[in-house]
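For reference, the structure discussed in these notes is given below.
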Amino acid sequence: MRKIVVVITIMTMLFCNIGIVNASSASDLKLAKNWAKSHYSEPIKVVNDFKVPKKRKGTVYIEKLHTKSDGGRDGHTIRGNYYVKYPKKVKKGTKVTMYCVWNPKNNACDDVVAVVCLGMIK
């Protein structure tokens, strides 16, 4: 009887984890869009890794970055191999999707106003 309870508990944990991973990515994008809507009135566009145009003034760009954890709070982008920092510890080798909200008020090359990942905005 105890073995059955352990197996059911493990299976439940596995299914819950799969659901959380898929829901987290979708809810992170939703968080990023809601944050951008609450801070800016400009139109919002979502782009993939490193596709933010140099002349983006007047539009809020949300950049979707695919990253891989180096263990702890450190990681790097899969494309381009740039260093990233997570808001909480992540197991080594885990792929994490991050959303960077770029400032629509200027064209500065490093003006990210918010980063959303793992259900947190920083």
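The values are calculated or read from the model by the stated rules, or taken from the named source; none is laboratory data. Here the structure is a predicted model, which is why all the values come from computation and not from measurement. So basically every Cβ, Gly included, is an ideal-geometry build from the backbone, and we count neighbours across all protein chains shown.
Going by the conditions given, is VAL7 outside any helix (DSSP H, G or I), out of contact with any Gly (no Cβ under 7 Å at 6 or more places or on another chain) and modelled with pLDDT under 95?
Answer is no for this residue.
Can you give me the number of residues within the stretch 58-77 that are out of contact with any Cys (no Cβ under 9 Å at 6 or more places or on another chain), surrounded by 13 or more Cβ atoms within 10 Å (Cβ to Cβ) and in contact (Cβ under 8 Å) with a residue 24 or more places away in the chain?
Number of matching residues: 6.
Kindly evaluate LYS89 against the criterion of being basic (Lys, Arg) and under 15 Å from the mean Cα position of the chain (by Cα).
yes
Quick test for you: out of VAL46, VAL21, pick the one residue that is within 14 Å of the chain's Cα centre (by Cα) and modelled with pLDDT of 95 or more.
VAL46
Of the conditions (1) surrounded by fewer than 12 Cβ atoms within 10 Å (Cβ to Cβ); (2) under 14 Å from LEU31 (Cβ atoms); (3) polar (S, T, N, Q), ASN106 clears all except one; give me its number.
Here ASN106 clears every test but (2).
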